[in-house]
Amino acid sequence: MLKAIIKEFNSNLGFRLSESTNKPLLKPRWVYVSLSHKCNLNCQMCGVRKILKGQELDFNLLKSIFKEISQWGSDSSIVLTGGEPFLRQDIFDIIGYAASCGLNVELVTNGSLIQDYASAERIIHSGLKNIAVSLDGACAKTHDYIRGTAGSYDKAVGALKLLCQAKKKIAGGPQISSWVTIMKENVRELYDIIPLAEEIGLECLVYHPVVVNQDDMQNTIKAGRFWLNKADIGILKHNIKRIVAYQKKNNFVHFLHDPYLWADYFSGTLTKERWRCNPFVFIDIGPDGYVRSCGPAFGNVKEMSLSECLDTKEAQMARERMRLCRKPCLQTCWAKPEADSMDNIINSFFSSIESFPASDKIQAMEEALASLCEYKGMVQELHS
Amino acid sequence: MREIILSVTNRCNLRCAMCQIPEMEDGNEMSTAQLKGVIRDSLVLGPDNVVFSGGEPLLRDDILELISFASGYKINTCLTSNGTLITEGMARKLSSCGIGVVNVSIEGPEEIHDSLRGKGSFKKAEEALKNLLRNKIEATIATVVCRDNYQALPFIMELAHRFSVNTVKFQPFSDIFLMDKERKRRFIFTEDIRLESRKIIEQVIDLACRYKVSTNPDSYLRSIPDYLGGYRQAYHPDGCPALRYSCPITCDGRVLLCWVLSDKSIGSVKQGRIYSLWNSARHNRLRRAAIKNGCAGCLMSCYDYNPGQGKHRSLLHLARKPGQLRKPGLYKNQYYRFYRWLRYISGKLTNPVYYGLSIKGHGHLEDGEAGAIEEINSAQEILKDKIREIRGHA
């Protein structure tokens with residue numbers, strides 16, 4: 001508990017200082033690696049398979065990237081994504097190497113290639129920390145419509161069941177999770193996914209709203225296509241209430257942020273005051289090697305190291321642009337509102353350790369002082 | 001009003017890849033008398049420059065008459081041509097009717113130029129430059145920067161130096177003259193090219209300095225790669241000065257807000273007088289709306305004011321001497337004066353998204369790193385106080 005509080009204090013502090021100096025003092029929490037844009041499904045909300053065809057990140061390049069990230073000493077996670085990562089022949093070598101570097105490796109898949117027990121078992125034993133299978137509806141009709149391929153629902157659910165079955169045999173193994181993209185087609189079924197997830201035996205269920213204007217998706221999604229209209233937003237609010245009520249009893253549903261923001265997001269009333277993009281927490285490496293977090297690319301990992309990419313002039317410009325962006329997109333990259341100023345960070349830290357005994361309080365505060373000293377050293381180095 | 005841009009015809013003898021004007025319907029071309037009327041009416045507004053554009057303006061039989069009419073009023077005239085029709089005889093005629101500047105479009109070396117504009121056009125354009133210069137007409141080279149020719153930009157500067165052309169105008173490709181908008185994919189930059197072309201732009205700026213050729217302001221040139229790469233949209237954060245000082249008129253007489261916002265017409269010079277249209281309530285309203293929210297921003301060369309031979313140009317030329325400050329001071333001052341006035345007349349106009357993109361740290365701190373250290377120090381003080389307090393209680 002105390003550790004979590006200190007960790008949060010550190011991340012808030014890192015964000016605050018990184019933002020005020022516009023230097024990547026805080027190393028990215030998530031490094032998304034798009035292995036290739038090849039995919040076997042044709043999902044309607046995703047246009048990546050139409051761009052950068054035939055480009056792939058080389059295994060040797062990936063090795064050097066993983067090695068570099070493991071030397072950062074932060075708790076960064078590698079998220080392997082694509083396209084469909086399992087279409088790569090050397091995917092298990094990649095996972096194995098990253099895990100051997102001591103990194104948290106996560107993977108996002110559509111589940112259509114995990115169709116027998118042997119492959120599910122291989123995934124469970126591969127050293128992954130988390131595997132996320134996308135689930136877009138509570139019934140085959142919706143899911144298949146969104147995914148653009150008949151039978152994809154059965155495959156996804158089948159894959160999840162196989163994974164859960166294989167995981168029961170061993171202690172540990174990856175967390176088996178499912179991500180739901182909220183959009184017009186499935187807004188009525190959001191709550192119905194929960195019984196389905198219970199039946200499968202999922203450990204984690206995450207909802208996130210669809211993104212219309214994502215630069216790295218090259219605007220292939222037409223605005224308004226999946227967008228919720230006024231009536232749908234009413235249904236969404238109703239479903240959020242039910243999900244929140246459920247979440248209080250069972251904590252396998254995870255919210256990345258306050259779910260009531262979704263309704264404001266879809267109705268266009270979400271303001272910057274309630275939502276802050278965090279350009280330092282998330283980066284994405286495309287199959288062509290370009291690094292970006294949102295919008296224009298920072299640099300190419302084929303030419304320079306990852307930390308150099310994060311410190312280029314382009315990176316600084318892009319972060320400034322993200323800071324000024326007026327269209328919050330409610331994805332994983334966000335900062336807590338209390339990271340707005342140093343006073344707020346300290347105050348929230350004090351209020352969260354209020355209930356602890358005095359000795360714990362002193363210990364926590366001393367740790368906080370130590371991390372302040374550490375950051376001070378970094379900033380002073382920049383200043384000189 | 002600084003310049004009035006008259007598109008005298010939509011007809012053209014070339015079919016260039018980046019322009020589909022000749023295929024657009026031209027309505028009814030204005031007659032000689034109507035065009036003369038427009039030029040005469042615009043005198044009240046005091047334009048420095050009349051630009052005859054098109055299509056290919058030399059395809060009009062009465063173009064020489066129009067030019068001599070305009071230069072009779074002591075207005076600088078400018079002709080935008082592809083150069084294919086400027087023979088020795090035509091150059092002599094142009095010279096005798098007092099033309100100010102002739103823009104000849106050249107896109108690069110022969111193979112690139114011919115692939116974009118049609119076979120044999122480069123030779124003719126080169127010939128046109130020679131003919132113009134021989135007859136002591138000021139010729140400028142105009143280049144549309146796109147994916148095909150971004151590597152050839154230094155070549156253009158070399159060419160200008162070889163022919164001793166004094167001005168080269170670059171303009172990034174824009175899809176406004178295309179009807180089939182899908183075609184633009186061929187011209188815009190990919191990520192690799194965007195980064196590569198930056199170096200080329202620096203080369204161009206160096207060459208301009210060395211050869212004393214005046215081109216667009218450095219900041220304008222430097223923003224071309226980002227613009228064509230699809231990132232940076234607006235060159236002018238506070239609204240576009242072109243709305244106030246350049247007046248485009250299509251060949252069928254419609255007065256436009258600007259070439260990009262061509263769907264909004266202010267009125268037709270066939271019905272009303274240009275001086276009343278220019279200051280009409282409708283025009284002012286549309287301008288204000290366009291400045292506030294109607295315009296995504298562009299890098300058209302309307303920003304870039306080429307006054308021909310005169311004190312402005314000679315000043316610019318001076319500023320280009322090597323060793324001197326290379327900032328486009330003259331342009332900047334013009335712009336800022338204009339902004340101040342614009343702000344004054346229309347309240348606060350800022351677009352913070354693109355305005356002042358600074359790469360310095362910010363976060364409500366005025367001085368990035370020093371401010372951050374101060375914050376850390378105060379936080380440490382607070383924590384230490386608190387620890388002391390708790391220990392005191394214990």
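Restricted to the range A:248-358, the set of helices (runs of 4 or more DSSP H) holding at least 2 residues that are closer than 23 Å to A:Leu25 by Cβ comprises A:306-309, A:313-324, A:342-353. Each residue in the range A:345-366 was checked for being more than 11 Å from A:Ile5 (Cα to Cα), buried (at least 17 other Cβ atoms within 10 Å of the Cβ) and more than 10 Å from every other protein chain (Cβ to nearest Cβ), and 0 of them qualify.
If you take the residues of the range A:258-283 that are within 14 Å of chain B (Cβ to nearest Cβ) and touching a helix residue (DSSP H, G or I) at 6+ places or on another chain (Cβ under 7 Å), which of them is modelled with the lowest pLDDT?
Within the range A:258-283, the subset within 14 Å of chain B (Cβ to nearest Cβ) is A:272-273, A:276-280.
Subset that is touching a helix residue (DSSP H, G or I) at 6+ places or on another chain (Cβ under 7 Å): A:276-280.
On the way: A:Arg276: 75, A:Cys277: 78, A:Asn278: 82, A:Pro279: 83, A:Phe280: 86.
Looking at the filtered set, the residue picked out is A:Arg276.
Selection of the range A:332-361 for residues being in contact with a Lys or Arg (Cβ under 8 Å, 6 or more places away or on another chain) and farther than 28 Å from A:Cys294 by Cβ yields A:Phe350, A:Ile353. Of all residues in the range B:247-283, which are assigned to a strand (DSSP E or B) and not small (Gly, Ala, Ser)? Result: B:Cys247, B:Pro248, B:Ile249, B:Arg254, B:Val255, B:Leu256, B:Ile266.
How do the helices (runs of 4 or more DSSP H) wholly within the range B:46-134 filter down when requiring 3 or more residues that are surrounded by 17 or more Cβ atoms within 10 Å (Cβ to Cβ) and within 25 Å of the chain's Cα centre (by Cα): which remain? Even if it seems obvious, please write down each step before you answer.
Numbers: elements: B:63-72, B:88-96, B:110-117, B:121-134.
Hits in the range B:46-134: B:63-72, B:110-117, B:121-134.
Residues in the range B:117-148 that are modelled with pLDDT under 90 and touching an Asp or Glu at 6+ places or on another chain (Cβ under 6 Å): none.
Taking the conditions exactly as written (in contact (Cβ under 8 Å) with a residue 12 or more places away in the chain, in contact with a strand residue (DSSP E or B) (Cβ under 7 Å, 6 or more places away or on another chain) and either of a type in the set (A, V, I, L, M, F, W, C) or buried (at least 22 other Cβ atoms within 10 Å of the Cβ) (or both)), does B:Ile200 satisfy them or not?
Details: in contact (Cβ under 8 Å) with a residue 12 or more places away in the chain: yes; in contact with a strand residue (DSSP E or B) (Cβ under 7 Å, 6 or more places away or on another chain): no; either of a type in the set (A, V, I, L, M, F, W, C) or buried (at least 22 other Cβ atoms within 10 Å of the Cβ) (or both): yes.
Considered against the rule, which asks whether it is in contact (Cβ under 8 Å) with a residue 12 or more places away in the chain, in contact with a strand residue (DSSP E or B) (Cβ under 7 Å, 6 or more places away or on another chain) and either of a type in the set (A, V, I, L, M, F, W, C) or buried (at least 22 other Cβ atoms within 10 Å of the Cβ) (or both), B:Ile200 comes out as no.
Among the residues of the range B:23-45, those identified as surrounded by 18 or more Cβ atoms within 10 Å (Cβ to Cβ) and without any contact (Cβ under 8 Å) to a residue 60 or more places away in the chain are B:Leu35, B:Ile39. If we scan the range A:327-342, do we find a residue that is within 21 Å of the chain's Cα centre (by Cα), within 11 Å of another protein chain (Cβ to nearest Cβ) and surrounded by fewer than 18 Cβ atoms within 10 Å (Cβ to Cβ)? Taking every residue of the range A:327-342 in turn, at least one turns out to be within 21 Å of the chain's Cα centre (by Cα), within 11 Å of another protein chain (Cβ to nearest Cβ) and surrounded by fewer than 18 Cβ atoms within 10 Å (Cβ to Cβ).
The values are calculated or read from the model by the stated rules, or taken from the named source; none is laboratory data. In this text, all values refer to a predicted model and were calculated from it rather than measured experimentally. Heads up, the Cβs are rebuilt from the backbone with ideal geometry, glycines too, and the neighbour counts pull from every protein chain shown.
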